[in-house]
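The next block holds one structure in the form of structure tokens; read it before the comments.
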Amino acid sequence: MKYSHMNGESIDPRETTEFQQLENVIAAFRMSFPPEFKKPIGEEGKVDPTLYMAHLLPHVAMILLHDPHAEMGSPNCFSSSKIRTATKAILELIYKISATSYDILLMDHAIAFCWLVCGTALVRFLKAYIAAGNQAEVVQITSEFEIVKFMLGNLGERTMIGHRQVKLLDEMYQQEIGKSPGPNFGNGSDTGASLQEV
């Protein structure tokens, strides 16, 4: 995505000093954690909820920074690659906390927004891969989307903010993909059908 500069030249915001400074600040924050704070989930599944949020936030920031400029799914799009890396990092944190017995209700409820940002990015990737007919990526992204939705659903059963974020995610899915995700959406046969139907 390019914009016109005041002198009439077309510029890419990502090439500006300001954009690169923001990106560097996000990267520097991620690298600034002391060794003892590199893992928000310690031995025996002990969770530090504040540290967990601190690890989530730079990935959310990276998605929000690059989202307006991304051609999702394009192998030549730098922003798409940055967003995909961030969604994978958020998913890794989701996998880790879901492997514990920790009650996510004890987390800062801003976690719902972080997961929503990840989920909406995955919907955009899914739309792009469906359009490209890339079934392998459709299966992978759909599986990841369902995990995010499942975690938001768990939070939504007991909090209004979680319920609201699940609703927003469903609404975006229906708007972008064209139908509600079914409980088994993402297996081989169902994904094949979605590629033909959408």
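The values are calculated or read from the model by the stated rules, or taken from the named source; none is laboratory data. Because the structure is predicted, anything quoted here is derived from the model rather than measured. Cβ atoms come from the backbone with ideal geometry, glycine included; neighbour counts cover every protein chain shown. Accessible surface areas use protein heavy atoms only, side chains included; no ligands, DNA or RNA. Shrake-Rupley method; radii C 1.70, N 1.55, O 1.52, S 1.80 Å.
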query: Karplus couplings for region 78-87 from phi (6.51 cos²θ - 1.76 cosθ + 1.60, θ = phi - 60°), rounded to Hz, Gly and Pro as x?
result: 4, 5, 4, 5, 5, 5, 5, 4, 5, 5
Whole-Å distance, taken between Cα centres, linking region 37-88 and region 116-143: 17 Å
Overall Cα dimensions of region 26-133, principal axis frame, Å, largest first: 43, 28, 21
field: Under the Karplus curve 6.51 cos²θ - 1.76 cosθ + 1.60, θ = phi - 60°, whole-Hz ³J(HN,Hα) for region 96-104, x wherever Gly or Pro sits
entry: 5, 6, 6, 7, 9, 9, 5, 7, 5
statement: Cα-Cα longer than 18 Å, checked against K127/K179; K149/K179; K88/K149; K38/K149; K46/K149; K39/K82, kept in input order, equals K38/K149; K46/K149; K39/K82
task: Starting from region 17-98, pick out the chymotrypsin sites (Phe, Trp or Tyr not before Pro) whose DSSP state is loop and whose Cβ has at most 10 other Cβ atoms within 10 Å.
output: none
- prompt: Round to a whole number: what % of the accessible area of the chain belongs to carbon and sulfur, probe 1.4 Å?
  reply: 54 percent
message: Could you compute how much accessible surface K88 exposes when probed at 1.4 Å, giving the result in Å² to the nearest 10?
response: 110 Å²
statement: Among R30, R158, R124, the residue with the largest mean-square fluctuation in a Gaussian network model of the chain built from Cα contacts under 10 Å is R158
- request: Report the accessible area of K39, computed with a 1.4 Å probe over the heavy atoms of all protein chains in place, in Å² rounded to the nearest 10.
  value: 150 Å²
message: If Rh is defined by the Kirkwood formula over all Cα pairs and Rg also comes from Cα, what ratio Rg/Rh do you get for the chain?
response: 1.00
- request: Note down the accessible area of M31, probe 1.4 Å, to the nearest 10 Å².
  value: 140 Å²
statement: When every protein chain stays in place and a 1.4 Å probe is rolled, V139, V148, V47 sorted by accessible area with the largest first are V139, V47, V148
The chain - mean residue ellipticity at 222 nm from DSSP helices (-39,500 (n - 2.57) per run, n ≥ 4, rounded to 500): -21500 deg cm²/dmol
- prompt: So what J values fall out for region 63-75 if you push phi through Karplus, 6.51 cos²θ - 1.76 cosθ + 1.60 with θ = phi - 60°, rounded to Hz, Gly and Pro as x?
  reply: 4, 5, 5, 8, 3, x, 10, 8, 9, 4, x, 6, x
query: Solvent-accessible area per residue for the chain at a 1.4 Å probe radius, Å²?
result: 54 Å²
